[in-house]
Amino acid sequence: MLHQHRLRARLRGAILILAAASLPLGGCATSGYQIAGDDPCGAYRAELKSVEDSYVEGAVMGAVGGALIGGLAGGLIGGNTKGALIGAGAGAVAGGLGGYFLAKQNATSDRATLVSSVYGDIAAENAKLDRVTAAFRQIRQCRLRSAEEVKQAFAARKIERPAAEARLATIRQLYSEDIRVAEALGGKMNERGQEFEFASSELLKQDPAAQREVQQLRAAAAKPRAGRAPAARATAAPAKGGAPLPQQRPEPPQAPANTTAGVATLTESNQVKRQAFSTDVQQAKAEAVTAFELEGSISRVPGGADPLG
């Protein structure tokens, strides 16, 4: 009994250490990204920060959860403290790729509940992706519009060059921070997306009927409809002083909710959304090459030099 008590105490200590070790990573991600009261784009920046904070919290809890599961398994298998600590370390690693699915399996008692839980998580993630994409697009248009207003005021001789350049430098600095946070969020989205892809793949392996259903949906989506011309590639209208927004690739057809096939098709939608967000960020970086120069115009050629370093 005394041995078991010591085992649990040391395991708790290991988990706390792992949790503490993960916290600085989260803290660094949010430091310096503040919302000023006089920032005209502050509401959109606050939305980005809110999503960023939720990802940081999720990453910390994932590491702790992985350590807990691994520690318990190690203690049971090894029957000693050493086994528990080794298991805790392995569990923290399992908090990476595959750790999500492992945790879900351990938390559910049957396959139907597991599938429904994974489906709900991906649906929530997709909603978050839509939210952060909308916020970043609004920030992008807001920053570019603000820069254009400064240039117009300078051209109309309403402000002198030093004042105009100072304002543009401030807007550019804020936009640089926005883009850096957006890129970091893109990385977190990709990490979670890989976890969902792993979970979807594992669920599909065990469900041949779902595999056939997904294949049929893909085939139907790829087949052109008779008598209908291909849809034109529309481009969203830009705000004044902004640049056209890229069109998002059509999302794949969806299978019924809370099914294995539904998990697979929802995961594919997640991939599309992540790619669309990445495209937005890269185009924003290209635009920023000249957008904040007093006599510059907005660059619309992706892949230019990175003004953010």
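Every number here is computed from the coordinates shown, using simple stated rules; none is lab data. Predicted model only: the values in this text are computed from it and were never measured. Reconstructed Cβ throughout: ideal geometry from the backbone, glycine too, with neighbour counts over all protein chains shown.
In this calculation the C-beta distance from residue 153 to residue 130 is compared with R0 = 35 Å, giving a FRET efficiency of 0.50. Cross-link partners of residue 223 among lysines, defined as those whose alpha carbon lies under 28 angstrom from its own and excluding same-chain residues fewer than eight positions apart: 205, 273. A straight chain from residue 54 to residue 35 at 0.36 nm per residue would run longer than the Cα-Cα distance by 5.2 nm.
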